[in-house]
Amino acid sequence: MFTFILNLLSITTPINYFFGFCALILCIFSYFYTYSVSMLLTIITQYSRKLAKVFGKSSGSSGKLKVIFHDFPGGAEGFELMLRFCYNNGNAELNPSNLLLARCGAEYMEMNESVKSGSNLCDQTEKLLRGIGYWSWSEILTALKQCQSLLVEDSSVMVERCLEAVVGRLVLASEASPCPSSCSNDSSGVRFSCDSKSTESIKTSFARSTWWFEDLLFLTPPMVFVLVKAMLSSKLDHHVISRFLLFYQKAKFTAAATDEKCKIIEMVIDMHYEMDQSSVSVKTLFGIVRVTLCLNISKSCRNKLEIMIGSQLDQVTLDNLLVPSPYGINYLYDVNLVLRFLKAFLRHGNGAAAPLRMRKVANLIDLYIAEIAPDPCLKTSKFLALATALPDSARDSCDELYHAMDMYLEVHTQLSQEERIKICCGLNYEKLSPQACLHLSKNTNFPSKSSVQALVSQQSKLKNLLQATTPISTPYSDSSCGSAQKKEKDNEQVVLYASNFDIPPDNEKLKAHLQGMQWRVMELEKICRKMQTQMAKMAKSKASNSYGKSLPKLCS
């Protein structure tokens with residue numbers, strides 16, 4: 001090479017002088033470049049076991065060696081940080097903003113062996129990470145942001161440490177003060193601060209327990225999932241966690257795509273499912289339900305949400321249940337959703353106070369049935385499924401259910417006789433009041449068989465009531481008790497049973513029979529009321545008797 005340059009310089013033409021000079025510069029540059037690369041490799045291989053192994057294997061091979069790192073963590077910025085460490089004799093200016101870059105680069109290049117000049121890069125990053133308790137609040141958030149931006153496997157340990165530091169800081173803040181001061185210390189000497197936000201702005205923007213909500217909005221749903229898991233393990237207040245999740249969901253939804261919205265709301269549901277259900281209000285759960293109406297979330301998340309609501313169905317109001325039907329269904333309200341709530345309640349909602357809770361749910365469902373009954377698109381099968389979903393013991397009275405059925409039959413005039421009879425099978429006539437029975441007997445919307453069953457059940461109920469109030473003969477019975485007993489016996493003979501009736505085919509005769517039965521029911525009611533009044537007087541007079549004996553319970 002040098003001989004060729006000297007030959008060019010020996011020719012005295014100006015152009016040859018120029019080319020010779022350029023060739024000399026290139027030669028010098030190539031020499032120093034080769035030397036610098038050689039020096040660079042020598043320096044790096046002192047700290048990097050990975051490069052040492054690569055160049056050790058290629059030492060005997062001829063030709064040039066080319067090493068390409070396609071997946072170096074942090075890209076050029078991370079590689080530059082690693083080089084600065086090597087050129088600075090194993091010293092690096094590490095801080096929370098570049099710790100993850102240095103950590104991931106050190107792990108990738110296997111810079112974990114001891115060197116003469118000092119500790120290796122892995123040890124130095126670990127030492128700084130162990131002091132995370134002394135970092136400020138803003139420094140922890142900066143490190144978390146870098147963990148999210150890199151998205152490398154080596155960051156999992158650091159992510160875990162940073163999230164633990166966040167949770168620990170929040171626990172300390174909840175125990176000591178709503179927001180720790182800029183450079184305060186706890187009893188263990190750990191310094192923490194809220195450098196990123198002033199105390200005054202936090203007090204004016206959020207309640208004391210929620211000062212950190214806005215600071216953590218940069219987290220992705222998977223990071224929030226891990227964070228909330230750590231919060232639950234650290235026994236942080238579940239009410240506060242629930243408020244944070246709803247705040248996060250609302251803030252993220254403004255600019256999120258549909259797929260991202262699904263991921264966010266699924267994370268919110270999963271985390272609420274892990275909480276103590278007493279800390280999650282029904283209002284909150286139905287707010288989540290309405291958010292999911294336009295989203296195609298997973299079936300497992302929907303099941304969790306329905307189970308949470310179903311287990312608290314006795315605390316639900318009618319307005320909560322009036323959820324519009326999904327797209328493609330003609331019903332005005334989502335009846336299938338309410339049926340799933342009922343199924344979840346019957347499976348998960350029974351406890352020590354089951355009878356009382358069952359009655360509350362029955363009253364709620366009766367109101368809901370009355371609300372949806374006028375819907376002309378509501379199928380008979382859905383209406384009957386709601387009416388019979390709860391056991392008969394859940395209702396003390398079936399009057400509300402009867403009125404809902406009456407409304408449904410009045411709207412759905414096209415129903416066949418068989419369908420009307422099927423609907424009436426969901427009604428317990430024994431639990432109808434006399435007024436409801438009287439109304440049913442005149443109601444043309446119901447089949448005639450239902451009218452007869454209602455009156456028969458009413459007569460049977462009155463007969464049992466009369467028998468229960470019949471005074472037992474005692475040495476202290478007076479003439480009024482005897483006359484009442486005789487009066488009851490005389491009136492008992494007018495009771496007719498529909499089972500003994502031969503219902504005439506003529507509608508006029510059937511109407512006459514029904515009117516006669518109504519009259520007898522009303523007469524028996526009057527007799528029963530008079531007897532109860534007489535029994536009350538007898539009980540009062542016998543209580544003051546000198547013998548000090550009380551009346552039997554059947555006469556009281």
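The values are calculated or read from the model by the stated rules, or taken from the named source; none is laboratory data. Quick caveat: nothing in here was measured; it's all calculated off a predicted structure. Note that we place each Cβ from the backbone using ideal geometry, even for glycine, and neighbour counts take in every protein chain shown. What goes into the accessible areas is simple: the full protein's heavy atoms, side chains included, and nothing from ligands, DNA or RNA. Shrake-Rupley method; radii C 1.70, N 1.55, O 1.52, S 1.80 Å.
Check TYR333: other-chain or 5+ apart residues with amide H under 5 Å from its amide H, H built from backbone geometry?
Here SER325 satisfy the definition.
Report in % the part of the accessible area of region 227-282 that belongs to carbon and sulfur, leaving out ligands and nucleic acids; probe 1.4 Å.
49 percent
Using only the heavy atoms of the protein chains and a 1.4 Å probe, how would ASP319, ASP399, ASP237 rank by accessible area, largest first?
Descending order: ASP319, ASP237, ASP399.
Given LYS343/LYS431; LYS304/LYS431; LYS379/LYS442; LYS229/LYS382; LYS283/LYS343, which pairs have Cα atoms separated by over 29 Å?
LYS304/LYS431; LYS229/LYS382
If you count only protein heavy atoms and use a 1.4 Å probe, how large is the accessible surface of GLU418, to the nearest 10 Å²?
Solvent-accessible area, nearest 10 Å²: 130 Å².
What's the magnitude of the charge dipole for region 272-369 around its Cα centre, counting Lys and Arg as +1 and Asp and Glu as -1 at the beta-carbon? Answer in Debye, nearest 20.
Values: 11 positive and 7 negative charges, 37 e Å.
In debye, rounded to 20, region 272-369 gives about 180.
How are the alpha carbon pair distances in region 102-142 distributed across 10 Å bins from zero to the largest one, expressed in percent?
Once binned at 10 Å, the Cα pair distances of region 102-142 give 28, 44, 24, 4.
Restricting the calculation to Cα positions, tell me the Rg (one decimal) and the Dmax (whole number) of region 281-350 in Å.
11.5, 34
What is the spread of the Cα atoms of region 203-294 along each of their three principal axes, largest first, in whole Å?
Taking max minus min along each principal axis of the Cα atoms, region 203-294 gives 32, 28, 24 Å.
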